[in-house]
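Structure first, commentary second.
The values are calculated or read from the model by the stated rules, or taken from the named source; none is laboratory data. All values derive from a computational prediction rather than experimental measurement. Cβ sites come from the backbone with ideal geometry, for glycine too, and all protein chains shown count toward neighbours. Ligands, DNA and RNA are excluded from the accessible area calculation, which covers all protein heavy atoms including side chains. Shrake-Rupley method; radii C 1.70, N 1.55, O 1.52, S 1.80 Å.
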Amino acid sequence: MQYITLNTGAEMPILGFGVYQIPNDQTQPAVEAALEVGYRSIDTAAVYRNEVGVGRAIASSGISRDELFITTKLWRQARGEDNTLRACEASLDRLGLEYVDLYLIHQPFGDVYAQWRAMERLYREGRVRAIGVSNFHSDRLVDLILNNEVVPAVNQIELNPFHQQVAASDLMRSEGVQVESWGPFAEGRNDLFNNPLLAAIGRTHGKSIAQVVLRWLIQRDVVAIPKSVTPARIAENFEVFDFELSPEELAQISSLDQGVTQFFDHRDPKVVRRISAIRSE
Ligand code: NAP
């Protein structure tokens, strides 16, 4: 495994396992399969409603806590400082953990500044080892940094071959914020798993399209957290440390960038309303 160093000094695996859209009862076997293969970083969220399944898999694995890197996320309904502290305790309870390694504000909506002050407190008190954000566009990220004390350790954003986020990533690096990709495969949108260029590069290395995409992210120093409920794919997605893409191949993949989201734009008022209506409990 390769690690990146966060601005807290903590080491984070560059490859983790995401559990979005995995029902709670299927989460335990999926995470157990991932831990068995060697993943040590798991990405969940209160709103995924599967923290219990993640916690059970961690408990049954017998892996020592300090070998794991667990991320969960605060859902936006937890407005204000007190609600944020309560939401964190509820997540820790569901996970059965004393602390998480990374706690993220899931969406750039609601009373973000009150949430962040509470996150800073949780960080100082050691309930969470690092704090960060998700889905923050560059302007929101810089404003958060300018008006608070703790710089986010991570910004988890949509980042895949069709939405490469080059300018946003450069900005994050200049601010000391680690770039983390969600949806590394764009959930298969735009026919990613049949893309001819990615397939051709894969053939050169005897690797699948999924492996090429993950390798591309790793070589860009982007943390990736692919999701799968399929044991063979969970294993396949972990086998990305035994080959290297050439500068020419990286340049070819750059040409796939469409510069637009494959999902939704967090600056679209309709999206703000839709996401804000979702409840985590
Ligand atoms: P993703 O990882 O881009 O794609 C997952 C899809 O790809 C699933 O349908 C999976 O199928 C399939 N797949 C996985 N490996 C494959 C392989 N080797 N070959 C073929 N198909 C494969 O999508 P995602 O789940 O949206 O993103 C990953 C993680 O990012 C999430 O689980 C979550 O932790 C995080 N995330 C965060 C946010 C946020 O707002 N912060 C948003 C979305 C996601 P099967 O499962 O059927 O195998």
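If a residue has to be more than 15 Å from the ligand (Cβ to nearest atom) and open to solvent by 10 Å² or more (accessible area, probe 1.4 Å) to count, how many in segment 104-119 make the cut?
3
For F136, which of the numbered conditions (1) surrounded by fewer than 23 Cβ atoms within 10 Å (Cβ to Cβ); (2) within 30 Å of L198 (Cβ to Cβ); (3) within 16 Å of the ligand (Cβ to nearest atom) fails to hold?
Only one criterion in (1) surrounded by fewer than 23 Cβ atoms within 10 Å (Cβ to Cβ); (2) within 30 Å of L198 (Cβ to Cβ); (3) within 16 Å of the ligand (Cβ to nearest atom) is unmet by F136, namely (1).
Which of the residues belonging to segment 202-219 are away from the ligand (no atom under 15 Å from the Cβ) and within 10 Å of L245 (Cβ to Cβ)? Give the derivation first.
Let us first name the residues in segment 202-219 that are away from the ligand (no atom under 15 Å from the Cβ), namely 203-204, 219.
Selection gives T204, Q219.
Which of (1) open to solvent by 60 Å² or more (accessible area, probe 1.4 Å); (2) out of contact with any Pro (no Cβ under 6 Å at 6 or more places or on another chain) does D101 not meet, given it meets every other one?
Looking at each condition in turn, D101 falls short on (1).
Of all residues in segment 230-260, which are outside any helix (DSSP H, G or I) and away from the ligand (no atom under 11 Å from the Cβ)? Outline the logic, then answer.
Of the residues in segment 230-260, the ones outside any helix (DSSP H, G or I) are 230, 237-246, 255-260.
Passing the criteria: F241, D242, F243, E244, L245, S246, S255, L256, D257, Q258, G259, V260.
Can you name the condition, by its number, that V150 falls short on among (1) open to solvent by less than 40 Å² (accessible area, probe 1.4 Å); (2) out of contact with any His (no Cβ under 9 Å at 6 or more places or on another chain); (3) part of a helix (DSSP H, G or I)?
(3)
Does A251 qualify as being surrounded by fewer than 21 Cβ atoms within 10 Å (Cβ to Cβ) and over 23 Å from the mean Cα position of the chain (by Cα)?
Numbers: surrounded by fewer than 21 Cβ atoms within 10 Å (Cβ to Cβ): yes; over 23 Å from the mean Cα position of the chain (by Cα): yes.
Considered against the rule, which asks whether it is surrounded by fewer than 21 Cβ atoms within 10 Å (Cβ to Cβ) and over 23 Å from the mean Cα position of the chain (by Cα), A251 comes out as yes.
If you go through segment 107-127, how many residues are in a loop (DSSP other than H, G, I, E, B) and under 20 Å from the mean Cα position of the chain (by Cα)? Break it down into steps so the answer makes sense when it comes.
Step one: list which residues in segment 107-127 are in a loop (DSSP other than H, G, I, E, B), which gives 107-111, 126-127.
Keeping just the survivors that are under 20 Å from the mean Cα position of the chain (by Cα) gives 107-109, 127.
Residues that pass the stated criteria total 4.
Within segment 90-97, identify whether any single residue is within 14 Å of the ligand (Cβ to nearest atom) and either among the β-branched types (V, I, T) or open to solvent by 30 Å² or more (accessible area, probe 1.4 Å) (or both), and answer yes or no.
Among the residues of segment 90-97, not one is within 14 Å of the ligand (Cβ to nearest atom) and either among the β-branched types (V, I, T) or open to solvent by 30 Å² or more (accessible area, probe 1.4 Å) (or both), which makes the answer no.
If only one of V154, V142, V150, V179 is touching a Gly at 6+ places or on another chain (Cβ under 6 Å), among the aliphatic types (A, V, I, L, M) and either farther than 21 Å from A224 by Cα or within 14 Å of the ligand (Cβ to nearest atom) (or both), which one is it? Show your work before the answer.
Numbers: V142 fails: touching a Gly at 6+ places or on another chain (Cβ under 6 Å); V150 fails: touching a Gly at 6+ places or on another chain (Cβ under 6 Å); V179 fails: touching a Gly at 6+ places or on another chain (Cβ under 6 Å).
Within the list V154, V142, V150, V179, the selection yields V154.
Which condition breaks for L104 when tested against (1) part of a helix (DSSP H, G or I); (2) of a type in the set (A, V, I, L, M); (3) within 18 Å of the chain's Cα centre (by Cα)?
Of the numbered conditions (1) part of a helix (DSSP H, G or I); (2) of a type in the set (A, V, I, L, M); (3) within 18 Å of the chain's Cα centre (by Cα), the odd one out for L104 is (1).
With the requirement that a residue be open to solvent by less than 10 Å² (accessible area, probe 1.4 Å), assigned to a strand (DSSP E or B) and not small (G, A, S), what does segment 172-229 give you?
Answer for segment 172-229, where residues must be open to solvent by less than 10 Å² (accessible area, probe 1.4 Å), assigned to a strand (DSSP E or B) and not small (G, A, S): V179, E180, V223.
Could you pull out the residue among A34, A45, A78 that is modelled with pLDDT under 95 and buried (at least 21 other Cβ atoms within 10 Å of the Cβ)?
A78
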